[in-house]
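Colleague: Quick one: this structure, given as structure tokens, is what I'll be asking you about.
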Amino acid sequence: QVQLQESGPGLVKPSETLSLTCTVSGDSINEYYWTWIRQPAGKGLEWIGRIFTTGSTDSNPSLKSRVTISVDTSKKMFSLRLSSVTAADTAVYYCARQRTSTSSLDPWGQGTLVTISS
Amino acid sequence: DIQMTQSPSSLSASVGDRVTITCRASQSVSSFLNWYQQKPGRSPKLLIFATSNVHNGVPSRFSGSGSGTDFTLTISSLQPEDFATYYCQQTYTTPPTFGPGTKVDIK
């Protein structure tokens, strides 16, 4: 079955760019939306954005100017870049597959904690 | 953005209890409402999609209902492995938004 794995630095300095990659295994990456979600410690879930395998993207307006999502279908990976980070961006970042018919998210990666600190 | 609220924010229940969690949207989301379960230190898992469809492998004690702005998740007989936080999510509009969560713990 499909599995997702996030990877990237666990510590990023304020004002720099957070970069994460999600690797897809066990199924094709094509014909799905691939999504990023984050969760600050002890808090709820925030949808960051998504990309279709054609490269079409949507981002949360609250983050839009700072978010870049890209996909490399040949490597079965998609990536998140979040620029000009602050401590408020400290969170566990998840990647997930979005089902096109219902827009539900399944499966999710295990998540990776990114801390913004100097 | 569509705002999602959940009630209660937390509840204590015993094994075998029937548990109902409510999710309300600030405007109609039709039937584009999903439920997720999250255990501490783990990623969320899809339970219910499109209001009432139980995801593959999810026990039949979980059910969902509702439409428009008001939705419920019901656990018919709470089991030890069900103690977790539950989130609703609307996918009717972009950005999709989540409720704040309902934590179910042991009485």
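Colleague: Please work out which residue is nearest to the other protein chains (Cβ to nearest Cβ), limiting yourself to the stretch B:33-55 and to residues that are under 16 Å from B:CYS23 (Cα atoms) and of a type in the set (Gly, Ala, Ser).
Modeller: B:ALA50
Colleague: Filter the stretch B:62-106 for residues that are touching an Asp or Glu at 6+ places or on another chain (Cβ under 7 Å) and crowded, with 19+ Cβ neighbours inside 10 Å and give the result.
Modeller: B:ILE75, B:LEU78, B:PRO95, B:THR97, B:VAL104
Colleague: Here is a further query. When the stretch B:1-51 is examined, which residues are found to be within 21 Å of B:ASP105 (Cα to Cα) and touching an Asp or Glu at 6+ places or on another chain (Cβ under 6 Å)?
Modeller: Matches in the stretch B:1-51: B:SER12, B:LEU46.
Colleague: A further question follows. Would you mind finding the one in A:THR23, A:THR57 that is within 14 Å of chain B (Cβ to nearest Cβ), among the hydroxyl-bearing types (Ser, Thr, Tyr) and free of Cβ contacts under 8 Å to residues at least 60 places away in the same chain?
Modeller: The conditions single out A:THR57.
Colleague: Any chance you could count how many residues in the stretch A:99-118 are at pLDDT below 95 and either assigned to a strand (DSSP E or B) or of a type in the set (D, E, K, R) (or both)? Break it down stepwise before answering.
Modeller: Just the residues of the stretch A:99-118 that are at pLDDT below 95, to begin with: A:99-103.
Next cut, either assigned to a strand (DSSP E or B) or of a type in the set (D, E, K, R) (or both) only: A:99.
Residues that pass the stated criteria total 1.
Colleague: Within the stretch B:65-87, identify whether any single residue is over 13 Å from the mean Cα position of the chain (by Cα), under 24 Å from A:ARG97 (Cα atoms) and within 14 Å of another protein chain (Cβ to nearest Cβ), and answer yes or no.
Modeller: no
The values are calculated or read from the model by the stated rules, or taken from the named source; none is laboratory data. Since this is a predicted model, take the numbers as computed values, not measurements. FYI the Cβ positions are ideal-geometry reconstructions off the backbone, even for glycines, and counts take in every protein chain you see.
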